[in-house]
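This report concerns only the one structure given below.
The values are calculated or read from the model by the stated rules, or taken from the named source; none is laboratory data. Please read these numbers as outputs of a predicted model, since none were measured by experiment. Here Cβ is always computed from backbone atoms with ideal geometry, including for glycine, and neighbour counts include all displayed protein chains. When the accessible area is computed, the model is the full protein with side chains, heavy atoms only, and any ligands, DNA or RNA have been set aside. Shrake-Rupley method; radii C 1.70, N 1.55, O 1.52, S 1.80 Å.
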Amino acid sequence: RPQEGGARQALLRRPRRLSLKLHLVAVGQKMPEWAETAYADYAKRFPPELRVELKPVKTEARGSKTVEQLQAAERSRIEAAIPRGTRIVALDERGTALSTMALAAKLKDWQLGGDDVALVIGGPDGLEPAWRQAAHERVRLSDLTLPHAMVRVLLIEQLYRAWSINANHPYHRE
């Protein structure tokens, strides 16, 4: 029995490995080749304990539908792409602005929190207002209006940069 206690103590002293899965849920399926190439380049750089999965969601056909109808249809597809128990972070032009260092701190908090995280990029008409408000967090990448392809690349690059800061990797320089 004393040996079991010693093994347990050794496990308790071992540093906790922070594992997290980031779901990048993005309305819009077809992206330009340059964006797909850039996204893939950053996605493959992440370590096994920080997995990133892109989940493209079909954009609702515009036709004669109202903005509310379009957003509602896209919302249901977004919700279907997000696993239960996942922390939802809506990318929103009115969300909290984050510096790179603040994003690194937030990434570390997400890792310590234990829940996977879905970062959600809305469609051409944005996210449904009530759903956006119900998200756990709302952040913005820029004060500028950016094309969706650019947002995907910018987001994955900034997430990689945040990881590199937390890991003391030389990618980021002050």
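So here's what we get for this one:
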quantity	calculated
Folded to 0 to 90 degrees: helix 148-166 orientation relative to the chain principal axis, Cα	20
Ranked order, Trp131, Trp34 - accessible area, probe 1.4 Å, largest first	Trp34, Trp131
The chain: Lys pairs at Cα distance under 26 angstrom, eight or more positions apart or on different chains	17
Whole-Hz ³J(HN,Hα) from phi, Karplus 6.51 cos²θ - 1.76 cosθ + 1.60, for the range 44-59, glycine and proline x	6, 7, 5, x, x, 7, 10, 8, 10, 10, 7, 10, x, 10, 4, 6
Protection proxy ranking of 52-65, 159-172 - average other beta-carbon atoms within 10 Å, highest first	159-172, 52-65
The chain, dipole about Cα centre (Lys/Arg Cβ +1, Asp/Glu Cβ -1), debye to the nearest 20	760
Debye intensity ratio in log₁₀ form over the Cα atoms of the chain, taken at each q of 0.10, 0.20 Å⁻¹	-0.43, -1.44
Nearest 10 degrees, 0 to 90: helix 100-113 Cα axis against the chain principal axis	60
The chain, relative contact order [Cα under 8 Å, separation at least 6], %	30
The range 81-148 shape via C-alpha gyration tensor axes, a/c threshold 1.5	oblate
Proportion of all alpha-carbon pairs of the range 19-114 beyond 22 Å (%)	42
Karplus-derived 3J(HN,Hα), 6.51/-1.76/1.60, for each residue of the range 131-145, Hz, glycine and proline x	5, 4, 5, 7, 4, 4, 9, 10, 10, 10, 8, 6, 7, 7, 7
Helix 33-43 axis, angle to the chain major axis (alpha carbon atoms, nearest 10°)	20
